[in-house]
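Below: one structure, written as structure tokens.
The values are calculated or read from the model by the stated rules, or taken from the named source; none is laboratory data. None of the values given here were measured: they were computed from a predicted structure. So basically every Cβ, Gly included, is an ideal-geometry build from the backbone, and we count neighbours across all protein chains shown.
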Amino acid sequence: MRLVPSLTSSVLLACLSAGTALAVDVTTCNQFVQGTANLVADLDCSGHPGRAIQIIGSLHLNGFKLTGNSAGPVVYCNIGSCTIVGPGTLTGGSKGVSGDGGVKVVDATIEFNSGDGVFTFRAARIQGSSVISNNGGDGVHASRTVSIVGGKLALPDVVVSDNGGHGIEAGRAVRVQDAVVSGNANDGIRTEAAASLLSTVVQGNGLDGVRALRAQLRETTATGNRTAPACGVSADCADVASERKPTLRGASTCEVSLNTAGGGTWGICTLD
């Protein structure tokens, strides 16, 4: 039997609606959710070893705090890419969020985890008003690219600060816009590929502010890094360290540069 167009549309809409997965409330530790997960209250899983939450899809924190156990990540992304949506906080785990696929963090705080704040074997994207701070390892660690884009206009920047390792470490290119990368124990930003920074402050990191194959700074400040005792003793440290000559555009400034291929400075920073 042939359906009239209006009836066909109605049937199709009903089928699509029925096939749409509903959001699942996160109420217990070690819960597994496929699709959209909603944290509906603060949840303390510090007494539950392993992963606090395991997801395939996205987790909406809705302003609440999810506390993990140091034996495992607070959030483990099971298959493919996952997204953490704030406001809200991930804390207390071996890592804040860990994934075999890509990880995206929007407007969330990831702090006081014993290892990396964000760890992924693929690409990481941090955006909005996210804060990645006071983690024992790297703030953000990705085997592939890292993209960080802070809030626009009057909105807050992304903050990656006071982590025990590097602020940001990537196996491939790093792009940072509207962010503050400060007070990290090792390098502020470290990549074996290119680093591109726009409207960013890189300041007070222990070793290099930026260490990359090549670096481009636009409207960016990289000063006051090299704070670790090893700098100038057992390590050569700089605000911008690169194998190829960095590019400074607009009102960008740095204090010390380092030519990691040939030694010496690049002669582009104020104290070179």
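The table that follows gives values for the structure above.
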{"item": "Qualifying residue in segment 116-127 (condition: of a type in the set (A, V, I, L, M) and within 16 Å of residue 193 (Cβ to Cβ))", "result": "yes"}
{"item": "Index of the failed condition, residue 83 passing every other in (1) assigned to a loop (DSSP other than H, G, I, E, B); (2) within 12 Å of the chain's Cα centre (by Cα)", "result": "(1)"}
{"item": "Qualifying position, being more than 18 Å from residue 183 (Cβ to Cβ) and loosely packed, with under 13 Cβ neighbours inside 10 Å, among 270, 247", "result": "270"}
{"item": "Selection within segment 191-232 - basic (Lys, Arg) and surrounded by 24 or more Cβ atoms within 10 Å (Cβ to Cβ)", "result": "211"}
{"item": "Selection count, segment 86-110, where residues are part of a strand (DSSP E or B), under 17 Å from residue 147 (Cα atoms) and of a type outside the set (Ser, Thr, Tyr)", "result": "7"}
{"item": "Out of 104, 152, sole residue that is surrounded by fewer than 24 Cβ atoms within 10 Å (Cβ to Cβ), modelled with pLDDT under 95 and not polar (S, T, N, Q)", "result": "152"}
{"item": "Segment 254-267 residues that are under 18 Å from residue 194 (Cα atoms) and in contact (Cβ under 8 Å) with a residue 40 or more places away in the chain, paired with ones that are surrounded by 18 or more Cβ atoms within 10 Å (Cβ to Cβ) and of a type in the set (Gly, Ala, Ser) (beta carbon under 6 Å, 6 or more apart)", "result": "254/222; 258/238; 258/241; 260/241"}
{"item": "Checklist (1) crowded, with 16+ Cβ neighbours inside 10 Å; (2) at pLDDT 95 or above; (3) of a type in the set (Ser, Thr, Tyr) applied to residue 81, failing item", "result": "(2)"}
{"item": "Subset of segment 87-101 (residues that are crowded, with 24+ Cβ neighbours inside 10 Å and out of contact with any Asp or Glu (no Cβ under 7 Å at 6 or more places or on another chain))", "result": "90, 93, 96, 97, 98, 99"}
{"item": "Residue check for residue 228: in contact (Cβ under 8 Å) with a residue 24 or more places away in the chain, of a type in the set (A, V, I, L, M, F, W, C) and part of a loop (DSSP other than H, G, I, E, B)", "result": "yes"}
{"item": "Whichever residue in segment 180-201 is touching a Leu at 6+ places or on another chain (Cβ under 7 Å) and assigned to a loop (DSSP other than H, G, I, E, B) and, among such residues, is nearest to residue 163 (Cα to Cα)", "result": "186"}
